[in-house]
Each structure stands twice: as structure tokens, then as C-alpha cells.
Amino acid sequence: MSKRKIEDVINEFQIGSDTEAKDFVKNALDFIAFLKTNNVALGDSDNNFWDGKYENNVVCTISTYVSDEYGICFDTFMAPPHSWMTSFDDECSRDDTAFSMNERTKEIIWKNIRYCDPTCGGKCSPGKQISILGKEIEKVCKCILAIYFLDAETVECMKKMVEGRIRDIQKTIV
């Protein structure tokens, strides 16, 4: 299978006059353009799976597919650690929040927590209990966040998280 650009794959989801598909494509392409503007490299893929890297550090992972249960999916896994978390295995126990944190932003993050699926057999099974933005959450997957549905408000939150992660990475560059 040949390598594919993420924009080409996303545009394949634009089918007919389906408003949901058009909104998905618009929001997904907006997020991809934002990543590229902020020097997050995506490269090409042969399996619809991309690691977004800044200075060779994974910022997010993106996978696109169609699910019978959910329809068009744009899985965006935000790679830990992040300064917007209050704790994660002591990797992220700090007070400096890299971006403005209002209640709506917190709700979006909490809504997109990825819970560990006990049947997956992954290294994080059965999940961990962690505190995210002052809320104790049980059975959290290793990747912490998985954003499946892209509305404009969620994309804006994702952009803030990426900006925060980039600032975290920049602090470590000598």
C-alpha cells in the first residue's frame, strides 16, 4: 500500500451533502492546518495512522476510519505528559498550566477521557486512577485522552492542548 497524506484521507470522508461529514472534514482539516502551522510534523502513512511530532516528541497521534457504531472517526490521542494535568504517575505533578483553563475547557477534556478497556490486554489494563484538573478519575487508559468527534469547540480545545504540549517541549530544549 502506498503512503498517503492525512489531508487526502480526510477529504475522502466528504460524501455528498451530508452535513456531518462536511463539518468533520472542515474541523479535521482545520486541526491539521494548525498542526502544520505550529511545526508539528505528520509525514505520510500507509495505514491511516499518524504520529504528530514536534522536535521529535509525539504531541498527538491521529487515526482516521469509519466505524459501524460511530460513523466517521478521527481518533486523536493526546500524548502524555501534559502540563494541564495535575498528576499522572508523578510524571506531571506540577502547577504550571500551559494554557488558559476555564470550566468549559475542563468539561471537554473530562468528556474525552479514554477509559481502559479490560479486554484489550494492553499494558495499562486495568487502567489507573489519576487526577485530571482536580477530578479523580478511575480506569484511565495510558493515552489519557481520545478525541473521537470533532466539533469546532473541541478542535479549539485540542489546539490549546497542543500549544501547551509544545511549550512543555520547548522548556526541555537546550
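Derivation of every value follows stated rules applied to the coordinates shown; laboratory data play no part. Quantities reported herein were computed from a predicted structural model and do not represent experimental measurements. Heads up, the Cβs are rebuilt from the backbone with ideal geometry, glycines too, and the neighbour counts pull from every protein chain shown.
Tabulated data for the structure shown
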read-out	value
Local net charge near Ala152, Cβ-Cβ under 10 Å (Lys/Arg +1, Asp/Glu -1)	-4
Packing rank of 107-117, 41-51, where each peptide gets the mean count of other beta carbons within 10 Å, highest leading	107-117, 41-51
Using a Förster distance of 35 Å, the FRET efficiency for Ile113-Asp30 (Cβ separation, nearest 0.05)	0.90
Inter-label distance, nm, simple model (7 Å from Cα along the C-beta direction), Asn48/Lys22	2.3
Top positive-direction residue, dipole computed over region 25-67 with Cβ charges, set Ala41, Tyr54, Ala28	Ala28
Two-site FRET efficiency, Arg104 against Asp8, from Cβ-Cβ distance with R₀ of 25 Å, rounded to 0.05	0.15
